[in-house]
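Note sheet for the following structure.
FYI, it's all coordinate maths here, none of it is from the lab. Keep in mind the model is a prediction, meaning the values are calculated, not measured. Every residue, glycine among them, receives a Cβ derived from its backbone with ideal geometry; neighbour counts consider all protein chains shown.
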Amino acid sequence: MSTLLYSLGRWSFRHPWRVLLTWVLLLVIAGGAAAVFGKGTDNAFSIPGTESQAGLEQLSRTFPQAAGTSAQIIVVAAPGQTVDESAYTSEIANTVTEIGALDGVLGATDPFGKTVNGLVSDDKSAAIISMQFNGQVTDVPASTKTDLQSITTSLQHALPQGATAQLGGDLFAVSVPGISITEAVGLVIALLVLLVTFRSFLMAGMPLGSALIGVAISMSLILGATAFASVSSTTPLLALMLGLAVGIDYALFIAARHQDQVRAGVPPEESAARATGTAGSAVVFAGITVLIALIGLGFANIPFLTTMGIAAALAVAIAVIVAITLTPAFLGFAKGRVVGWSRRPKAAAKKSDAAPRRSFSTRWAGVVTKHPLVTTIAVIVTLGVLAIPAASLQLALPNAGVLPKDNEARKTYDLISEHFGPGFNGPLIMTGTIVTSTDPLNLMKKIGDDVATLPGVKTVALATPNETADTGIVQIIPTTAPDSPETAALVRELRAQHDHILDTYGVDMKVTGFTAVGIDISDRLGGALLPFGIFVVGLSLVLLMVVFRSIWVPIKAALGYLLSVGAAFGVVSAVFVWGWGADLIHVAKVGPIISFMPIVLMGVLFGLAMDYQVFLVSRMREDFVHAKADGRTRREVAIDAVRSGYTGSARVVTAAATIMFAVFAAFIPEGDSSLKPIALGLASGILFDAFLVRMTLVPAVMALLGAHAWWMPRWLGKRLPHFDIEGEAVEREIALADWPDDADRYAVAADALELDDERRRVYTGVDVRLATGDGLLVTAEDPRATRALLLTIAGRLESTGGRLRVAGHLLPGRNAWARRHSAFVSLGTSEAPLTDLRRGLRRASIVVIDGIDRLERLTPADRDQALALLREGAGDGRVTLVASAPPTSVDDLGALLRGARISIAPALRIRTTLSASDVAEVTA
C-alpha cells in the first residue's frame, strides 16, 4: 500500500494539471447528472418486516383513504365565539368543496358532517378540516400544496375578525435541511486553524480546496442517486458534514508531513511522494475504519438508514481518494513554496544564549506521563459524570412538533394539541380483514368500543369497514403526543390485545399508522445498538491489533471510545431532553431526539476516533521501535517514546480535531432539527475523544503500561495480517535506494534472504546476483524449500528476512510490480506445461520455473519444443531464467541445457532445516 501511494504521490506531483482537470471534469459530470436526473429527497420512512409496515401495505390495497399522507386545516374561533356558528360552518363547507376538487386529494372531511365525529373540540372553540391524499408526501403535486395554501389564506380572510385558519399536518411536516451562514463560519474557523498550523496562506488553502472539491462531487452523486433510490433529506447534509470534516483533516495530515520534510531539507518532489506514502497510508487506513463503521449502519436493517450510511461512506471514500491524489497535485503546483513564514522574528532568533522554549505539547506530555494514575482517574471520572444524562435519552422519529415555532406546520401542531389534546397529532390505526363478517358495521363498532376502554386511549375517532366491507379500521386518539413514551406503551398494549380480539371477534388486527411506524423504527434502532456496539468495538480491537501489533493498545483504544461515546450521549441528552442550554442552540422543542442519532453517532465517532488513535499512537510506536537503550531501562525507553511521539504528532492532531469540531459545531445553531442532535453529538464526541481521551488519557495509560503496551503473543502476531500504516516500506525503499551497487545490471539481487514458516526455517542465507539475461539453477534437499524461494523471487510469497530486489523493485513492498515482470511456471503440476511456458516467455522478462528437471520426463517432441522456447527466450538476453531442480539431477540437467545452448549458472545450494518427514507444504 505505502509503495503504491509513494508512486502515486510522485506521479500526481509531476502531473498536477492532469489530476486537477480530472477531478474538475468528474465534478462537472456528476453535477450535470444530479441536475438532469435528480428527483429530490424523500422523507417517507419505512421499515420492512414490521407489523406497522404490513398494516400500511394492507391499507394501501384495500383502504387507500386511510393509507396515504394527510393534512389538516384547524379553524379556531374568535374569542367569545364558537365554530358551530353559521359564519364558520358555511365557510368551512365551501372550503371542503374547493379542496375536494384538487389534484391528488382522495377526500376532504367537513367536521360538521352528519357521520363525522371528533373533529370539533369539546368546547366548540376549534374544528379540523381533515384531508387525505393519494400516496405519500412526495407523490402529492407541488401545485396542490400551493393551492391548499391559497385556499387557507382565503378562508382566513373570510372568517370573522380574530379567528384563525392554520394549515398543517403530515404533508407539511417535512423539514428540508438547508445550508446556512453558520456552516460558512465553520469553514472560516477551519481556515484560521490551517493558517496557524502551516503559517502559509498557500498551504492553508490546499486542504480546504481539496475537501470542497470532494464534497461537491459526493453531494452531486448522492443527489443524482435520487433518480433510482429513496434518499432522506438528512442524508446529503450528513454526507456534507462528514465529507468536509474528514476531507480537510486527511489533506492536512499529508500536507503537514510534506511541509515538515521540506523544512528538513527534503526535495519537494521526493517529499510529496514520501508524505503520500507514509501519511497517506494512515489516511487510507483511517478512511477504511470510517467506511466500515458507516456501512455497518445496515445492522439495523432499516432501508433509509442503510442508504444514509452508504451515502456518508461514499463521501468519506471520495475524501480519501481526493486527499491522496489532489493534495500532492496541489503540492506540485506550489513546488518549494510550502515552508511558510518564520514562527518568530529573526531578531529574537539571534539570541544564542537563550534556552529553547519547550512547546505546550512537550510540557503537557511531561505532566501527563509524570502523573499517569491521577490523570487516568481524572479523565475517567470526568467522562463518567458527563455520561450520566445519557440514561434519560429518549428516541423518536421527527414530527411537526420539533419544527421551529414560526413554522406553519408547527403552529398547526400546537393549536391541535391545545384544543384537541396532544394525541390528536398522532392517531393510531388498527386494521384487519373482515371479509367473513355478516355484520361488518356492528363488528367494527364492538371492536372500537372494546379498544376505547384501554388506558391511554382518549377516544376512538372512527371504527368502520371500507366500501367493499372486506377491511375494517379503528382510528384511535391517544391521550399523549406521538413521540411520548406513553404512546409507545399504548402501541404495545394494543398489540397485546391481538389474541383477545382474534378469539372474541375472529379478526386478525394489526396496529399501524405513521405514529406506529415511527415507534417501530425507534424500537428496531434501539435493539440494534448493542449488536452494532459489539461490532464496532470488536472491529476496533482487531484493526488496532493489526496496526500496532499489541494487545493493550487496542483494548485501551476501545475503552476510550466507549467513554467518548457515553459522554457525547450525555451532552445530547442534557441539551435535548433535560433542556440545559437548549435556547442557546435554538432547540425548537425539548424531548425525544431523532431515533437514528445514537447508531449514526456511534458509527461515525468510531471511525474518527480511530483516526486520532492511529496518527497519535503510530508515532509513539515508531519512536519506541527505533529507539536505542543508551543505558535506559525498557520502561524508560517506552515512556520517552510516548513523550516524543506525542510531541511529534500533537500539533497536527490538535489542528485536525479543532477543524473537525468547528465543522460539526457549525451545523448546530441553525441546523435542521433532525441533524442538530447528531451534529452536537459529533462535535462534543470529537472534543472529548481528541483532547481528553487520545491526548490525555492515552499517554497516561501508555506511561502506566510502559514497554508492556507493545506486548503481543508471538502466535497471534504471526496470524494477523500486516498493514503498513506508517509507510515502513517507503522508508525501507529510501534507505536501500542505492542497494545493490550498479543495481541496473541485475534482474535479481538478494542478501541474507530467509523465510520462516510457523514452526521452522524454510530457507536461509540466500545471496544472489543474477544479471539481466542470465540463468540461475536453485537446488535443495527438500523441493519445498526451492519452490518457496522461487515463489519469493516471483513476488508470490513474502520473505521474513533479508533483502531482495527483482526487476529493479524492492520486495516485498513492491510484490505487485515484481509479479508484472515475472512469470511462475510449475512444470511438475502444470496440465499444459508447453502452453504455460510459452505464455510466460512471451509476457515476462523474468521466468521462474519450478521443477525444470521435469523436462526429461516429457516426450522427446515436447522436450525439444520446450528447449527451443527456452533457447529463443534466453538466447538473446531478453529473458532471465530462474529454475529449480533436485541435487541429484543437476549434472544431467546441466548437460541437457548446455546441449540446447541454454546458459544457466551453477546450482545455488540453499540451506534449509525442513526434514523429509515434514508434512507442511509451502504454497503460494
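Beyond 24 Å, what share of the Cα-Cα pairs of the stretch 203-333 remains, rounded to the nearest whole percent? So the pairs more than 24 Å apart make up 32 percent of the total in the stretch 203-333.
Pairs from the list 411/589; 458/676; 145/411 with a Cα-Cα gap above 24 Å: 458/676. About the centre of its Cα atoms, the chain shows a dipole size close to 4700 debye [charges on the beta carbon of Lys, Arg (+1) and Asp, Glu (-1) only; nearest 20 debye]. Translational diffusion of the stretch 736-909, estimated by Stokes-Einstein from the Kirkwood radius over alpha carbon pairs at 25 °C in a medium of 0.890 mPa s, is 153 µm² per second.
If we count every other residue with Cβ under 12 angstrom of residue 790's Cβ, Lys/Arg +1 and Asp/Glu -1, where does the sum land? The answer is +2. Please express the Cα-Cα pair-distance distribution P(r) of the chain as a list of whole percents, one per 20 Å bin, running from 0 to the bin with the greatest distance. That works out to 12, 33, 28, 18, 7, 1, 0, in percent per bin.
Cross-link partners of residue 124 among aspartates and glutamates, defined as those whose alpha carbon lies under 20 angstrom from its own and excluding same-chain residues fewer than eight positions apart: 84, 85, 91, 110, 414, 418.
Here the label points at residue 878 and residue 36, each 7 Å from Cα along the C-beta direction, are separated by 4.7 nm in the simple model.
Taken about its Cα centre, the stretch 736-909 carries a charge dipole of roughly 480 debye when the Cβ of each Lys and Arg holds +1 and the Cβ of each Asp and Glu holds -1.
Please list log₁₀ I(q)/I(0) at q = 0.13, 0.18, 0.19 Å⁻¹ for the stretch 449-590, using the Debye equation with identical point scatterers on the alpha-carbon positions. Results for the stretch 449-590 at q = 0.13, 0.18, 0.19 Å⁻¹ read -0.80, -1.08, -1.14. Starting from 0 in steps of 5 Å, tell me what percent of the Cα-Cα pairs of the stretch 51-172 lands in each bin. Values per bin, smallest distances first: 2, 11, 21, 22, 18, 13, 7, 4, 1, 0.
Axis of helix 783-793 versus longest Cα principal axis of the chain: the two differ by about 70°, to the nearest ten degrees. Rounded to whole numbers, the Karplus 3J(HN,Hα) couplings from phi for the stretch 683-688 are 4, 5, x, 5, 4, 5 Hz, using 6.51 cos²θ - 1.76 cosθ + 1.60 with θ = phi - 60°, and x at Gly and Pro.
What ranking do 189, 659 get, fewest neighbouring Cβ atoms within 10 angstrom at the top?
Ascending number of Cβ neighbours within 10 Å: 189, 659.
Based on C-alpha pairs under 8 angstrom that are at least 6 apart in sequence, the chain has a relative contact order of 14 percent. Computed over the stretch 411-507, the alpha-carbon pair-distance distribution with 10 angstrom bins reads 16, 46, 27, 10, 0, each value a whole percent. If you average the C-alpha positions of the stretch 378-444 and of the stretch 622-664 separately, how far apart do those two centres end up, in angstrom? One Cα centre to the other: 49 Å.
Taken along its three principal axes, the alpha carbon spread of the stretch 671-826 comes to 71, 36, 31 Å, from the longest extent down to the shortest.
About its Cα centre, the dipole of the stretch 411-507 is roughly 100 debye, where the only charges are +1 on Lys and Arg Cβ and -1 on Asp and Glu Cβ. Put simply, the stretch 551-610 fits an ellipsoid with semi-axes of 28, 11, 8 Å; these come from the alpha carbon gyration tensor as the roots of five times its eigenvalues, largest first. By the beta-carbon count within 10 Å of each Cβ, the least crowded to most crowded order of 316, 338, 231, fewest first, is 338, 231, 316.
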